[in-house]
C-alpha cells in the first residue's frame, strides 16, 4: 500500500516561534495516536520563522480524522495568534525511500531473451 505524505507549511510571526512550538508540539504525538506512521517538524535554516510539519499515513482518512479532531482544533486555537493563515495541507505519495544501512537491491535476472546488437 502506498504511503501518503502530508506537508503543512507553517509561517510563524516574528518573536512568536517559541510560543508556537510550545503550543503545537503535542500535535505531533496526537498524529501518531491517530495512525500516522511517522511525524516530524523541521525548521528552515535561512528563514527561522518557516516550519514544515511532515506526517506519513497509510490512509488519508486517518489524517482527516486527526486534523478535524477536537484535540487538534484546541491546539490550533491555542496557537492561532502565532502563525500566518491559511494553512493548506499538501499531499505527496511516497515514491522512493532510502535509509542508512539498506543494501542496494540486486536487479532481478531477466527472463526475456537478450536483444541482438549489430
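Observations
- Some residue of the stretch 75-83 being touching a strand residue (DSSP E or B) at 6+ places or on another chain (Cβ under 8 Å) and touching a residue at least 24 places away in the same chain (Cβ under 8 Å): yes
- Of the strands (runs of 3 or more DSSP E) entirely within the stretch 1-67, those holding at least 2 residues that are touching a helix residue (DSSP H, G or I) at 6+ places or on another chain (Cβ under 6 Å) and at negative phi occupy 4-11, 50-57.
- Residue in the stretch 77-90 that is at pLDDT 95 or above, outside any loop (DSSP other than H, G, I, E, B) and within 22 Å of residue 2 (Cβ to Cβ) present: yes
- Selection count where residues are out of contact with any helix residue (DSSP H, G or I) (no Cβ under 8 Å at 6 or more places or on another chain) and farther than 20 Å from residue 13 by Cβ, scope the stretch 75-104: 14
- Of the residues screened, residue 55 is not one that is within 12 Å of the chain's Cα centre (by Cα) and at pLDDT below 95.
- Residue check, residue 34 crowded, with 16+ Cβ neighbours inside 10 Å and without any contact (Cβ under 8 Å) to a residue 60 or more places away in the chain: yes
- When restricted to residues that are farther than 17 Å from residue 85 by Cα, out of contact with any strand residue (DSSP E or B) (no Cβ under 7 Å at 6 or more places or on another chain) and surrounded by fewer than 18 Cβ atoms within 10 Å (Cβ to Cβ), the stretch 59-70 contains 7.
For (1) surrounded by 14 or more Cβ atoms within 10 Å (Cβ to Cβ); (2) in contact with a strand residue (DSSP E or B) (Cβ under 7 Å, 6 or more places away or on another chain), each residue gets a yes or a no:
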{"site": "6", "(1), (2)": "yes, yes"}
{"site": "14", "(1), (2)": "no, no"}
{"site": "21", "(1), (2)": "yes, no"}
{"site": "28", "(1), (2)": "yes, yes"}
{"site": "40", "(1), (2)": "no, yes"}
{"site": "72", "(1), (2)": "yes, no"}
{"site": "93", "(1), (2)": "no, yes"}
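The values are calculated or read from the model by the stated rules, or taken from the named source; none is laboratory data. Fair warning: this is a prediction, and the values are worked out from it, not measured in the lab. With ideal geometry, Cβ positions are generated from the backbone for all residues, glycine too; neighbour counts draw on all protein chains shown.
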